[in-house]
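J.: After the C-alpha cells below, expect a handful of questions from me.
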Amino acid sequence: MTLPDRPVPPAPLGLTPRQPLTGGHRNIVWLCEGPTGAVVAKSTRRSEDQIRWLTPLHAAARAAGFQVPPLRPGPDGQLVQHGWTAEPLVTGRAATAADMRALAPQIHAFHRLCPQLPQRPGFASLRDLLTRTRSGDTDLSTLPTDVLARLRTAWAAAAFGPTQAIHGDLGPGNVILTPTGPCLIDWDEARIDLAFLDLTFSADVPAPMTAAHLAWEIASCWQAEPDHARHLLATFASQATPQR
C-alpha cells in the first residue's frame, strides 16, 4: 500500500500506519494498527509534563459520564513518544448542536468534579492574556496590534469570576457519540481558564462571553489556521459594529 506523502508515526512506536485521518488542523493524525487493535496516533508539540497534567481532568470527565480514550504509554512508560501520542480508536458520530445542549448537565458535572490544579505548564488564562502573550501554541505577538487590542477588549469584558480546569475546545467536533455514551477527544487546549469557554456550544451564555470565546478562537487560529482566523475576525467585527 502506498501511503500519502506526510510524516508517519516513527517505527519505535510499534504501530503500522493505515491511513491519515481528517480533522486535525494543527496536528498530523493517523489511523494505525497496534498490537491490540486500531490506534489513533497524533503528532504533538506538548511535553510529557503537559500531557500528564491532563490525568485528573480525564478522571473527572469519566466520573461525569464521558468516555476519554486512554493514552497509550510507550515501552519506557512515557505518553509522548518521539513527538507523538497514541490512543485507541473511538467510533461513532460527531455531536450536533442539539446533542451539545443535551450534554450540558454532564459538562457542568465535569467542571464540578475537576480538582483545583495549578495552571498547565506553558499555558495562560484569558485574564492572564490581558498582559501576557503566550498560551500553549498561541502567540499573541503575531497578531496585528489593532486586532490584538480588540481581542483583549473582548476578554476584559468577560474575564471575571473564578478560573478552573476546562477542556478548552469543547465543541461538536470533539464529542463523539458512541453506542455506550459520549466521548471527549482532543484535549490539546485544556488549561485553567474561565468555565464559560467550555459552554458556548451547550448553553446560552451572555453576549460578552460569546464575544470573548470568539476572540480566543481568532487568537488561537491566527498562525495554525490563518484563513479560518480571518473569517472569524470578519464575524467578530460584524458583531461588534453597532446596527444603524
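None of the figures in this text is laboratory data; all of them are computed from the coordinates on show. Quantities reported herein were computed from a predicted structural model and do not represent experimental measurements. Here the Cβ is made from the backbone with ideal geometry for all residues, glycine too, and neighbour counts use every protein chain on show.
J.: Need one number: % antiparallel among DSSP beta bridges in the chain, to the nearest 5.
T.: Restricted to the chain, the bridges split so that about 95 percent are antiparallel.
J.: Obtain the nm distance between the two label points defined at residue 78 and residue 157 by a simple spin-label model: each point lies 7 Å from its Cα along the Cα-to-C-beta direction.
T.: 4.5
J.: From the phi of every residue in the stretch 214-226, what ³J(HN,Hα) in whole Hz does the Karplus formula 6.51 cos²θ - 1.76 cosθ + 1.60 yield, where θ is phi - 60° and glycine or proline is x?
T.: 4, 4, 5, 4, 4, 5, 6, 9, 4, 8, 6, 9, x
J.: Next question, about the same structure. What list do you get for 99, 186 if you sort them by fewest beta carbons within 10 Å?
T.: In order of increasing Cβ crowding within 10 Å: 99, 186.
J.: Mean residue ellipticity at 222 nm from the helices of the chain, using -39,500 (n - 2.57) per DSSP H segment of n ≥ 4 over the full residue count, to the nearest 500 deg cm²/dmol?
T.: Mean residue ellipticity at 222 nm (helix-derived): -9000 deg cm²/dmol.
J.: Determine, for 188, 139, 146, 128, the number of other Cβ atoms within 10 Å of each Cβ, and report the residues in order from fewest to most.
T.: Going from least to most buried by this count: 146, 139, 128, 188.
J.: Kindly put 167, 108, 213 in sequence by how many other C-beta atoms sit within 10 Å of each C-beta, fewest to most.
T.: Ordered by Cβ neighbours within 10 Å, fewest first: 108, 213, 167.
J.: Less than 18 Å from a label point 7 Å out along the Cα-to-Cβ axis of residue 239: which backbone N atoms in the stretch 202-224 qualify, by residue?
T.: Backbone N within reach: 202-222.
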